[in-house]
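Report on the structure given below.
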Amino acid sequence: MEVLQFYYDYFLLVMIILAVGVFIGLQFLSAPYGMTFNTSWGGSIRSNIGWMIMEVPVFIFMFLIYLFAMAFNIKPFNIVTFTIFVLFQAHYLQRAFIFPVLMKGTSKMSNVIVITGFFFNTFNAVMQGGWLFLFSPADYYPISWFWSPQFIIGTILFFTGMVINIQSDRIIRNLRHDDKDNNYYLPTGFLFDKINSANYFGEIIEWIGFAILSWSFAGLVFVLWVLANIVPRSKRVYENYTQFWGDDFKKLKRYKLFPFIY
């Protein structure tokens with residue numbers, strides 16, 4: 001396990017470096033999905049199918065890592081790590097199996113996004129599952145973890161972010177009239193009155209909460225990846241809204257992503 005631990009730590013370091021590279025790259029490139037979709041990136045697939053293909057791997061591989069750890073008795077069953085595992089899986093149950101089914105329209109995303117998303121989510125399962133079930137110290141998560149400040153605060157943030165994300169996605173989704181409507185509309189109400197990308201804001205809060213409640217370096221690396229993708233994305237969405245709705249949108253004086261900051 002010591003050799004595997006070495007490679008796992010090195011893997012986390014590589015993931016940090018890649019996150020920085022992605023953040024820099026997305027300052028100059030627009031990821032081809034949603035309102036920034038274009039055909040210059042090659043082949044494409046319907047967005048709902050693409051989302052499912054991207055998100056399902058992390059749910060499956062996280063579960064397989066858990067089964068592997070239990071089958072080989074790498075660690076005894078721990079109710080704390082199991083609870084953290086359930087919280088993680090709850091997000092991806094919604095994201096991989098519910099969110100795509102509820103999507104309206106026939107919009108597309110580039111196959112490049114689907115492939116890169118597939119691999120990242122697989123790697124993320126290795127990061128989070130590896131920490132929880134393979135490499136965290138045996139005494140790291142005692143039963144008292146449930147009433148520790150980090151678990152309480154992190155869990156509150158996790159569910160707060162999840163609610164914000166799901167509710168914001170619902171508002172965006174319901175702007176379309178039916179499954180044939182591929183137009184984009186300006187979301188209003190809820191947090192959208194102040195935050196232009198309220199759905200992304202919720203996701204950031206959710207994963208910051210997860211990093212805190214798990215108090216893990218792997219969770220922190222995941223937050224860095226979320227920020228590396230979402231911060232540039234929120235800028236692109238803001239620019240597109242400005243282009244679509246011009247002065248009417250500017251008068252709303254919304255923050256791109258973070259209230260009072262950005």
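Every number here is computed from the coordinates shown, using simple stated rules; none is lab data. Here the structure is a predicted model, which means the values were calculated and not measured. All Cβ positions, glycine included, derive from the backbone under ideal geometry; neighbour counts span all protein chains shown.
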Quote to one decimal, in nm, the extra length available between residue 106 and residue 6 on full extension: 0.36 nm per residue of separation minus the C-alpha distance between them. 31.5 nm
Which value at 222 nm does the chain reach when only helices count, each DSSP H run of 4 or more adding -39,500 (n - 2.57), with the total divided by all residues and rounded to the nearest 500 deg cm²/dmol? -22000 deg cm²/dmol
Taking alpha-carbon centroids only, the stretch 73-125 lies from the stretch 210-262 a number of Å equal to 20
Here the FRET efficiency for residue 73 versus residue 93, based on Cβ atoms and R0 = 25 Å and rounded to 0.05, is 0.40
Links that overshoot a 19 Å alpha carbon limit, given the list 108/235; 194/256; 104/251; 194/250; 180/250: 108/235; 104/251; 180/250
256, 250 arranged by Cβ crowding within 10 Å, fewest neighbours leading: 250, 256
Please rank 248, 178, fewest neighbouring Cβ atoms within 10 Å first, as an exposure proxy. 178, 248
Can you tell me, using C-alpha contacts under 8 Å and at least 6 residues apart, the relative contact order of the stretch 96-228 as a whole percent? 33
Using alpha-carbon coordinates, inclination of helix 2-25 to the longest axis of the chain, degrees: 10
Estimated distance in nm for a label pair at residue 38 and residue 163, the labels positioned 7 Å out from Cα along Cα-to-Cβ: 4.0
I need the phi-derived Karplus couplings for the stretch 72-84: 6.51 cos²θ - 1.76 cosθ + 1.60, θ = phi - 60°, integer Hz, Gly and Pro marked x. 9, 6, 5, 9, x, 4, 10, 5, 6, 5, 5, 5, 4
List 253, 104, 194 from most exposed to least, where exposure is judged by having the fewest other Cβ atoms within 10 Å. 253, 194, 104
Rounded to the nearest 10, the angle in degrees between the Cα long axis of helix 47-71 and the longest principal axis of the Cα atoms of the chain comes to 10
Expressed as a whole-number percentage, the relative contact order of the chain with C-alpha contacts under 8 angstrom and at least six residues apart is 24
Degrees between helix 149-174 axis and first principal axis of the chain (Cα, 0 to 90, nearest 10): 30
How far, in nm, would the chain grow between residue 140 and residue 119 when pulled straight, counting 0.36 nm per residue and subtracting the alpha carbon separation? 4.7 nm
Please list, by residue number, everything in the stretch 180-199 whose backbone N is under 15 Å from a paramagnetic label point 7 Å out along Cα→Cβ of residue 260. 194-195
